[in-house]
1. Calculate the dipole size of the range B:100-176 relative to its Cα centre from +1 charges on Lys and Arg beta carbons and -1 charges on Asp and Glu beta carbons; express the result in debye to the nearest 20.
2. Among A:PHE256, A:PHE237, A:PHE276, which one moves the most in a GNM of chain A with springs linking Cα atoms closer than 10 Å?
3. If you average the alpha carbon positions of the range A:60-80 and of the range B:124-151, how far apart do those two centres end up, in angstrom?
4. By average Cβ neighbour count within 10 Å, what is the ranking of A:121-133, B:213-225, B:80-92, B:161-173 from highest down?
5. If one takes the longest principal axis of the Cα atoms in chain B, at what angle in degrees, from 0 to 90 and to the nearest 10, does the Cα axis of helix B:182-195 lie?
6. List the relative contact order of the range A:50-288 as a percent without decimals, with contacts defined as Cα pairs under 8 Å and 6+ residues apart.
7. For the Cα atoms of chain B, what angle does the longest principal axis make with the long axis of helix B:119-132, in degrees from 0 to 90, nearest 10?
8. Just to be sure I understand: of the beta bridges DSSP finds with both ends in the protein assembly as shown, what percent are antiparallel, rounded to 5?
Amino acid sequence: MANTRQITERTMHTLFFVVASASIVMLFMIMVFLFMEGIPIFDEVSVKDFIFGKYWYPTSEPPDFGILSLIVASLAVTLLSALISIPLGILTAIYIAEIASKKVNEIIKPMVELLAALPSVVIGFFGMVLVAPFLQKVFDIPTGLNLFNASLMLAFMSIPTICSLSEDAIHSVPSSLKEASLALGATHLETILKVVLPASLSGISTAVILGMSRAIGETMVVLMVAGGAAFIPESIFDPVRPMPASIASEMAEAPFRGDHYHALFATGIVLFIFTFFFNIVADHIAHKYKQVGEATL
Amino acid sequence: MDKSVKIEVKHLNFYYGNFRALEDISLDCYANEVLSLIGPSGCGKSTFLRCLNRMNDLISISRVEGNILLGGLDIYDPSVDVVMLRSRIGMVFQKPNPFPKTIFENVAYGLRVNGIKDKGIIENRVEESLKLAAIWDEVKDRMHESALGLSGGQQQRLCIARALAVEPEILLMDEPCSALDPIATQKIEELIHQLKKSLTIIIVTHNMQQAARVSDITAFFYIGKLIELGKTDTIFTRPNLKQTQDYITGRFG
């Protein structure tokens, strides 16, 4: 009997190991493929010219493969969207975790989750059909499909991430700390600002960075509403072409294994490095600044 | 000693929703005395303590009936500023709960939230409070290190210092020694003896010897009722009621 049990046990171990490795190996292969298809472009242009080149004319003769304007566009939409989503996300989280009554929370929390469930194409569609004409009219600009519109839509996408992760962080601050603060004669607001937020800062930072990493990698929204002009933007109402939008729109027409094709993969590598960096930073903050909220004896 | 009434509790009832957690409690607490609240778990001692600084306000389904007068002021009067009230009544909790800040900032916190900005005053008061809480010598060289690096007993004394810094008139202690070893407990008991010179202390404890050692007056609670109230000596030697005697001698509870 014991023997069969051991065999079952071992089989299960192996099975789980195989399943777990399969997904990791798969992801690793994708990464290898990304690098294999991207690196050949550096035979044509140097890494420096590729990253800092201002001109992206992949189909001209001779072609220009400089993705600086795409990188700037990606960073610009991400930063601008962060400026919108961070305060909104964190303030909503504070409201949900600390201020709102149970009844209000029963409505708001599912709403935030619903926002997270919106497919990006729907958000893009909303930006294209409603926000763009509105911006065009109100600000009297040539096109409503621009950096600002894209940032606004990306902010909508990252708010749920930032909000729900921050809320978890705020919620996990021990109530004993809040009570200690209130018992000393601090107001609710002082308690939130001086005790609750500092104690949940690492969780909130992680939330912010994960929200931003979602924004920088997002494709559909920027493809639909960013405007698509591969220039370094001079104002927030200029149309831009972030990296994911460029890859998505050009890949279909780039000749297989041609320079343009390789250049798009190389753009993918740069994007991957950005998101990878964001995630590393998030992980680092989560571990390094982890505060033990309550006394340990 | 001049026996002036510090806190007067009159017919206090407390409800969690429909559950009546405290039934018709009336007692007086005199200035510069230590009142200990004893009784089995769940008898309402902590709830009673938390009524005194309105910490129970945080529980949305709670309800209070009756009056608590602090120096003649009804603390449940709608015109009372709760924040102001809480700065007059300090509280030390069951588990040490220092803020994840430096030792200095922990003690300075109460001063800052009460509007004291002068650096000199804050530094003085922090030092005084830490000395009063008998922890100054242990922390004076590490004021700017995290309070979480202190031992449990040190953390609890830091929490006492933090409460003392705002110069409260009354100090509420909710089983302050339950998480501490005997040596740390002894230090805190000595501290209570020191502190009652300047303020009034109400302490909840599960430790009979502790109640006997530190308090002047003892109140015995049982399922939400105040069973017996009297001088600690009397309660522990010749209690009026058999129920009190049974609890104190460990026959039930």
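1. On the way: 10 positive and 13 negative charges, 50 e Å.
Dipole about the Cα centre, nearest 20: 240 debye.
2. Maximum among the listed residues: A:PHE256.
3. Here the two parts' Cα centres lie 55 Å apart.
4. B:161-173, B:213-225, B:80-92, A:121-133
5. Helix B:182-195 sits at roughly 90 degrees to that axis.
6. Relative contact order, the range A:50-288: 26 percent.
7. Roughly 50 degrees between the two axes.
8. Roughly 60 percent of the DSSP beta bridges within the protein assembly as shown come out antiparallel.
Readers should treat all values here as calculations from the given coordinates under stated rules, not as data from a laboratory. Treat the numbers as computed from the prediction; the structure is a model and nothing was measured. So basically every Cβ, Gly included, is an ideal-geometry build from the backbone, and we count neighbours across all protein chains shown.
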